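The values are calculated or read from the model by the stated rules, or taken from the named source; none is laboratory data. Just so you know, these numbers come straight off a predicted model, no measurement behind them. Note that each Cβ is placed from the backbone with ideal geometry, even for glycine, and that neighbours are counted across all protein chains shown. We work out accessible area using only protein heavy atoms, side chains counted, and drop any ligands, DNA or RNA first. Shrake-Rupley method; radii C 1.70, N 1.55, O 1.52, S 1.80 Å.
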Amino acid sequence: MGQYRALGRLSALDTNTVSDALDLLGIHGATYGLLPLWKCPKIAGRVSTVKFSTNPSTSPPTHPSPSVLNGRAEDDRILVISGGINGISCWDDMIDGIRKSDSIRGAIIDGMCRDNKDMSQAEYPVYGRGLVSVHHQSAHITSGTPIQIRGFTVHEDDYVIADSSGAVFVSAERIEEVLEASESIKRHQAFLAEAIENDLPVPETVSQPQFATVRNHNKVSAEDQELVALFATSDTPAVSDALDKLGIQGQALKIMPLTNYTKVTVGPAFTVRYMPATDPPGGVGNWIDDVAQGDMIVMDNGGRTDCTIWGDLMTQYAGIRGISGTVIDGVCRDVNRALSDDYPMFTSGRFMRTAKDRVQLAGVNESIGIGGVHVKSRDIVVADANGVVFVPRERAREVAKLAQWVAECEERIREMISSGATLGEAREKLNYHKLQRKA
């Protein structure tokens with residue numbers, strides 16, 4: 001199979017599907033933590049390897065020879081760079097040369113990079129661990145030799161695909177079988193997506209496509225609706241202050257919104273707990289059919305970042321069923337679907353590798369731990385661009401009342417400083433310092 005035909009087929013896929021194919025074939029290749037440093041387009045290409053190291057301060061920095069950037073006639077190359085150090089930019093001096101090279105489609109760095117506005121404005125694809133301001137002299141050690149990327153070996157001329165979920169590498173020797181498996185998975189997913197789009201249930205298998213129409217007839221109770229309404233005008237900072245004043249631990253640590261949502265999402269918690277898979281592994285369950293309209297799905301995956309328990313099919317199905325949103329102590333994938341559907345997602349991060357045969361369902365609607373918070377089924381979840389807070393159901397009314405008081409006090413302070421008062425004067429007059437102290 002020609003390399004350009006292979007690249008064309010690879011470019012039509014995404015990292016989630018390729019990662020699933022690697023799992024199916026028992027191949028390693030999915031990396032965690034290498035994400036787009038700007039709003040980068042998806043890239044797919046052949047690997048050109050570069051290894052860097054820290055450079056002694058007494059020696060001038062060295063960079064790859066021109067052959068690394070321009071030595072190939074093909075326009076299919078992606079520069080893959082190893083040897084980075086957390087907190088230090090190791091390669092920004094190379095940016096202009098890489099961007100101007102006709103043969104380099106993008107770069108994947110197992111390291112950090114300084115924020116280069118030319119790259120983001122040009123929408124040139126660069127993936128890495130993150131952006132920093134600190135620069136360090138670095139030395140080019142080797143090119144075209146095997147390198148270590150996030151714990152496994154990448155070779156010159158391997159294949160790589162990268163998108164918003166991360167980066168996946170495939171050896172040149174196995175690209176054909178990986179592509180065949182990936183395309184089979186993609187067809188399977190398309191069948192399921194069509195079934196969901198037509199308001200059909202998600203089946204365990206797709207060999208029999210005749211299914212009865214299913215809608216979400218599970219409704220929140222009258223009390224659920226009452227408690228949710230109490231927080232309709234609150235946000236997580238106000239609720240967090242109320243929880244602090246009442247001495248309640250409810251702020252979920254390291255659980256962040258997928259994007260800067262402009263609205264607050266509130267709902268009763270439908271709790272789901274996963275555990276490491278047994279041998280033989282158990283299933284992940286079809287519990288989503290029991291989630292009521294308006295519920296917030298709250299999933300405990302132990303904070304794992306090496307496999308995901310939520311993807312685009314779940315996003316689409318949850319949206320169709322009127323589920324309010326999802327909170328995961330762990331990672332999600334297929335983030336573009338959640339973003340395009342405006343489906344609220346709050347997670348520890350994103351990664352493309354499936355949880356199949358890595359975790360299994362351990363319990364539904366039982367007490368779980370999320371971001372250091374003890375959460376019970378039907379507790380009230382409040383989530384927005386600031387993060388996620390959990391309110392014990394039995395104390396929801398007093399928390400909501402206090403959160404409203406906090407919000408009203410802060411609104412009065414804003415009015416006062418707009419009228420010329422100093423912030424100190426406004427705070428003192430309204431006893432603002434007492435709001436964040438325990439009662």
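Across 10 Å bins from the origin, how do the percents of Cα pairs in region 225-326 run, short distances first?
In order of increasing distance, the bins hold 11, 40, 35, 12, 2 percent.
Hey, what D do you get for region 328-439 in µm²/s if you plug the Kirkwood alpha-carbon radius into Stokes-Einstein at 25 °C and 0.890 mPa s?
The calculation lands on 138 µm²/s.
What whole-number value in Å² describes the accessible area per residue of region 337-381 for a 1.4 Å probe?
Accessible surface, normalised per residue, equals 39 Å².
In region 282-338, how does Rg compare with the Kirkwood Rh, expressed as the Rg/Rh ratio over alpha carbon atoms?
Here Rg/Rh amounts to 0.94.
If I take all pairs of Cα atoms in region 312-387, what percentage of them are more than 13 Å from each other?
73 percent
When only the heavy atoms of the protein chains count and the probe is 1.4 Å, how do I149, I417 rank by accessible area, highest first?
Sorted descending by solvent-accessible area, the residues read I417, I149.
Over all directions, average the projected area of the Cα convex hull of region 247-302 and note it in nm².
Here the figure is 6.0 nm², rounded to one decimal.
Quick one: which of K245/K401; K376/K401; K263/K429 span more than 19 angstrom between C-alpha atoms?
Cα-Cα > 19 Å for K376/K401; K263/K429; rest within.
I'd like the accessible area for I147: 1.4 Å probe, protein heavy atoms, all chains in place, Å² to the nearest 10.
10 Å²
Starting from the alpha-carbon convex hull of region 235-274, give the projected area averaged over all orientations, in nm².
Computing the convex hull of the Cα atoms and averaging its projections yields 4.0 nm².
Given region 211-280, what whole percent of its Cα pairs are spread farther than 20 Å?
For region 211-280, the share of Cα pairs beyond 20 Å comes to 55 percent.
Arranged from highest to lowest average of other beta-carbon atoms within 10 Å per residue, in what order do the peptides 394-405, 318-329 appear?
The packing order, highest mean first, is 318-329, 394-405.
Kirkwood Rh and Cα-based Rg: tell me the resulting Rg over Rh for region 268-396, rounded to two decimals.
0.93
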